[in-house]
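What follows is one structure encoded as structure tokens, with my remarks underneath.
The values are calculated or read from the model by the stated rules, or taken from the named source; none is laboratory data. Not measured: the values here are computed from a predicted model. Neighbour counts are summed over all protein chains in view; Cβ atoms, including those assigned to glycine, are modelled from backbone coordinates with ideal geometry.
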Amino acid sequence: MGRFNLYCRKVLVMSCLLVPAMAQADLTVIHDTGNTQPIAPFLEVFQTQDGLPQQSQVPTRPQLGAADPKAWLPIQSPGLTPGPVQARAHDRPFTRPFFLIGSDSHSRQWLQTHRDRLKEIGAVGMLVQAETMDDLRTIARLADGLSILPASGSDIAKALSVSHYPVLISAYGIEQ
């Protein structure tokens, strides 16, 4: 066992001596297409006028991007307005029912009236119109556990020839 420990120590010492020497080795180019460009110009943005690395600025307030509900507003869906929808069948095989609503009084009333059924069938909602944070809060409160995502519904409405909301789209058809 003593010989093995001595051998390990020698290998460790040799490794410590060789690593710095290998770290200073010249760069070996494996492939050059002829279009290679130096990286220095791209690094200039990280340096200040005096040539020292630029210190990163710490934002005073974190930027949440898409996670910030205020960034979603206003939610608009051109071509969609609140109004009556005639029930009809469609030929699209949707596996999960979904509904389009706005933050208007008709949509809020419809959501309250149909909330239990929507939960029962596992429907997912798209909030296609909202102007303020109060609109978002009101719909979230009325949804009471239903998944409702803010998104423009213009494309899906156009594809299904729907021009009004609130509306439920299921595998069976389109209804209000």
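Structure notes:
- Filtered by the rule that a residue be over 18 Å from G153 (Cα atoms) and hydrophobic (A, V, I, L, M, F, W, C), the range 83-126 gives A87, A89, L118, I121.
- Of the residues making up the range 152-167, those that are outside any strand (DSSP E or B) and farther than 19 Å from L73 by Cβ number 10.
- Counting only residues that are among the aliphatic types (A, V, I, L, M) and buried (at least 18 other Cβ atoms within 10 Å of the Cβ), the range 157-166 holds 2 of them.
- D116 being modelled with pLDDT under 95 and either under 10 Å from F99 (Cβ atoms) or among the charged types (D, E, K, R) (or both): no
- Residue pairs meeting the criteria (Cβ under 7 Å; at least 6 apart or on separate chains; first closer than 11 Å to A123 by Cβ, in the range 82-103; second at pLDDT below 95 and of a type in the set (S, T, Y)): F94/S170; P97/S170
- Selected residue [in contact with a Lys or Arg (Cβ under 9 Å, 6 or more places away or on another chain), over 18 Å from Q76 (Cβ atoms) and at pLDDT below 95] from A123, A140, A171: A171
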